[in-house]
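Written below as structure tokens is the structure these notes are about.
The values are calculated or read from the model by the stated rules, or taken from the named source; none is laboratory data. This is a predicted model, so every value here is computed, not measured. Cβ atoms come from the backbone with ideal geometry, glycine included; neighbour counts cover every protein chain shown. These area figures cover heavy atoms from the full protein model, side chains too; ligands, DNA and RNA do not enter into them. Shrake-Rupley method; radii C 1.70, N 1.55, O 1.52, S 1.80 Å.
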Amino acid sequence: MKGGRTARDEGELLMLPGPTDVPEEVYEALGRSLINHRGREFRELHRSLIDKLRRVVGTSGDIFVLTCSGTGGVETALSNTIERGDRVVAFVSGQFGERLAAAASYYTDNLSVVEQPWRRAPTAEDVKRALGERDGVDAVLLVHNETSTGALAPAIERIAEECRRAGALLIVDAVTSLGGVKFGFDQAGIDVLVAGTQKCLAAPPGLAVIAVSERAWEKIESLKKRPAYFDLLLHRKFMERGETPYTPAISLFYGLDAALSRIISFGVERWVERHRAGAEAYYRVADELGLEIYPEPGFRSTTLIAIRLPDGVQDTAVAETMAEEFGVHVGVGVSRERGRMIRIGSMGEVTAWKTKRTLRALCEALSRHGVKLPPSDSIIENIVDESFSSRGF
Ligand code: PLP
């Protein structure tokens, strides 16, 4: 495979906010024969998978792969760390923040929701202020990379520091940032991190990854009531012998293992850096063409590019032209931005070729829907080449 390009890429291109394209070797791994999930071969696969994940997450501690999508991972995080009466603060600046807060309200009646502007993500100062205004907060919940707005929370380490100082656990939805943003879970002092596999890890959907700190274990061990399927204590007990409590999605475990091997042989930091190259190209081209980038500078995601469309242009019409005419699939606006936004997932196998193809399809579709743009071909060509080559890709 050359430059991350696969046979499937020649046809349709998945530039969605997930799932994203997966490399050919991952498809091959998915087709392997099933094995006994209580046998030696599975235990070896599982342990090797966890070791690889530790390198991407930046932890020497506990990580679990759950057979469920990212939302199941979020439910696991909340059901294991929050109980009735706990004081919880949830930051909301987009649809996934709203979902996180809604899910947490099932576990405690003592939830405060901190609403924030949608073009921004929570900062350490926001967290400090919220914790300063409330006594004895037990947990802080936030979405690291708000996929509905393309806003990424800067300096998660400083946010974690504020939480630790106030004695609150920090629970992070990193569903669309793990693999696309450098993580040092242990060093930063995050307590629970949840990720999806179908995003920046370039693996198929259907699994969630959850990392747990020592501080989080203290809370988990003290719970008066435990969830069933998602009980992390049970997962830890089975993990001692390299197994999962319930039947794992063995084929997806193979797929994730192959995807992680690819990331590790490419280099975790280079993998992250390539996400930066892609995002920079999108933002520079958008600026040059006069397109409106949704998040404010300082909050712009390196994995999800949100472009607000000019008034009167319907996002579903643009996305449909991109898909039907150019084979490039992107996301549209959701919640309060419904109808007005194109959301491009620049995740996983980010390449100059894909970035150019997506930008050309976007510009062509916009012109077909009446948006006047300057000639874009050479702008796209030059900026994308520069963003990738200046970083050695
Ligand atoms: N959180 C964020 C930030 C997401 O972007 C998504 C999905 O796009 C989810 C949670 C839910 O993940 P899943 O669809 O895998 O359940």
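Observations
- Percent carbon-and-sulfur accessible area, the chain, ignoring ligands, DNA and RNA, probe 1.4 Å: 48
- Here the Karplus relation 6.51 cos²θ - 1.76 cosθ + 1.60, evaluated at θ = phi - 60°, turns the backbone of the range 377-387 into coupling constants of 4, 6, 4, 4, 4, 5, 5, 5, 4, 5, 4 Hz, with x for every Gly and Pro.
- Projected area, mean over directions - the range 178-334, Cα convex hull, nm²: 13.2
- Candidates P17, P245, I159 compared by Cα position along the dipole of the chain: farthest toward the positive end lies P245, with charges placed on Cβ.
- Listed peptides 76-82, 243-249 appear in the order 76-82, 243-249 once ranked by packing, highest mean of other Cβ atoms within 10 Å at the front.
- GNM on the chain, alpha-carbon springs under 10 angstrom: the most fluctuating residue among V318, V371, V194 is V371.
- Mean Cβ neighbour count within 10 Å, used as a protection proxy, ranking 107-117, 379-389, 141-151 highest first: 141-151, 379-389, 107-117
- Of K128/K219; K52/K356; K199/K219; K52/K237; K199/K354; K52/K224, those spanning more than 25 Å from alpha-carbon to alpha-carbon: K52/K356; K199/K219; K52/K224
- Accessible area per residue for the chain, computed on protein heavy atoms with a 1.4 Å probe, is 40 Å².
- Cα-based equivalent ellipsoid, the chain: semi-axes from gyration tensor eigenvalues, Å: 34, 27, 17
- For the range 268-393, convex hull volume per residue from C-alpha positions, Å³: 103
- Paramagnetic label zone (point 7 Å from Cα along Cα-to-C-beta, D287; backbone N under 17 Å) in the range 367-392: 379-391
- In units of the rule-of-thumb radius 2.2 N^0.38 Å, the range 1-140 shows an alpha carbon radius of gyration of 1.40.
- Cα centre as origin, Lys/Arg/Asp/Glu Cβ charges: the range 242-393 dipole, Debye: 100
- For the range 74-159, Kirkwood radius (reciprocal of mean inverse C-alpha pair distance, Å): 12.9
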